[in-house]
1. Within the stretch 70-94, how many residues are within 14 Å of the chain's Cα centre (by Cα) and more than 17 Å from residue 105 (Cβ to Cβ)?
2. Scanning the stretch 6-18 for residues that are closer than 14 Å to residue 107 by Cβ and under 14 Å from the mean Cα position of the chain (by Cα), which turns out surrounded by the fewest Cβ atoms within 10 Å (Cβ to Cβ)?
3. Tally time: how many residues in the stretch 71-94 are assigned to a helix (DSSP H, G or I) and surrounded by 11 or more Cβ atoms within 10 Å (Cβ to Cβ)?
4. Being assigned to a loop (DSSP other than H, G, I, E, B) and touching a helix residue (DSSP H, G or I) at 6+ places or on another chain (Cβ under 6 Å) is the filter; apply it to the stretch 95-123 and report the residue that is farthest from residue 3 (Cα to Cα).
5. So for the stretch 48-56 (the condition being within 21 Å of residue 17 (Cβ to Cβ) and part of a helix (DSSP H, G or I)), does at least one residue qualify?
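The values are calculated or read from the model by the stated rules, or taken from the named source; none is laboratory data. Predicted model, so just to flag it, every value in this text is computed and none were measured. For neighbour counting, all protein chains shown are included, and Cβ atoms are generated from backbone atoms with ideal geometry for every residue, glycine included.
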């Protein structure tokens, strides 16, 4: 399976942290600055996994995840939501959208790597 990952986060520091950690594990990492950028890049690079920050300008991670799921070109992509919002309601909302994992910030980079590796079928 592909080891191509798309990381979408409006916070440059977090985006770089995720990118560096995944890159060190041998993943091919692409980045996006918001939900709209993520949707455009997902169609371009056909990633195995997309990580989406929930709270982003222009389009939230919630909306981007929903659109990834309803687009025939991207419906197969695994989705990981990253959020400071850790409530049960938010996690249920992610489940209803069909996301594959929901990690709360601050997250352990090792946990993120483990989740992405599993979703890529490399475990």
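1. Matching residues across the stretch 70-94 total 5.
2. From the stretch 6-18, those closer than 14 Å to residue 107 by Cβ are 7, 9, 11, 13-15, 17-18; that's our starting set.
The next check asks that each one be under 14 Å from the mean Cα position of the chain (by Cα); those that pass are 7, 9, 11, 14-15, 17-18.
On the way: 7: 29, 9: 26, 11: 13, 14: 17, 15: 19, 17: 16, 18: 25.
Going through the qualifying residues, I end up with 11.
3. Filtering the stretch 71-94 down to residues assigned to a helix (DSSP H, G or I) leaves 88-94.
Subsequent filtering for residues that are surrounded by 11 or more Cβ atoms within 10 Å (Cβ to Cβ) retains 90-94.
So the count comes out to 5.
4. Of all residues in the stretch 95-123, those assigned to a loop (DSSP other than H, G, I, E, B) come to 98-100, 105-108, 120-123.
Restricting the remaining residues to those that are touching a helix residue (DSSP H, G or I) at 6+ places or on another chain (Cβ under 6 Å) gives 98-100, 123.
On the way: 98: 21, 99: 18, 100: 16, 123: 12 Å.
The residue in question is 98.
5. Just the residues of the stretch 48-56 that are within 21 Å of residue 17 (Cβ to Cβ), to begin with: 48-56.
Remaining after also requiring part of a helix (DSSP H, G or I): none.
Within the stretch 48-56 (the criterion being within 21 Å of residue 17 (Cβ to Cβ) and part of a helix (DSSP H, G or I)), the answer is no, since none of the residues qualifies.
Each row is one residue, and each column tells you yes or no for (1) crowded, with 23+ Cβ neighbours inside 10 Å; (2) within 18 Å of residue 103 (Cα to Cα); (3) modelled with pLDDT under 95; (4) under 10 Å from the mean Cα position of the chain (by Cα).
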residue: 33; (1), (2), (3), (4): no, no, no, no
residue: 36; (1), (2), (3), (4): no, no, no, no
residue: 42; (1), (2), (3), (4): yes, no, no, no
residue: 45; (1), (2), (3), (4): no, no, no, no
residue: 51; (1), (2), (3), (4): yes, yes, no, yes
residue: 55; (1), (2), (3), (4): no, yes, yes, no
residue: 60; (1), (2), (3), (4): no, yes, yes, no
residue: 68; (1), (2), (3), (4): yes, no, no, no
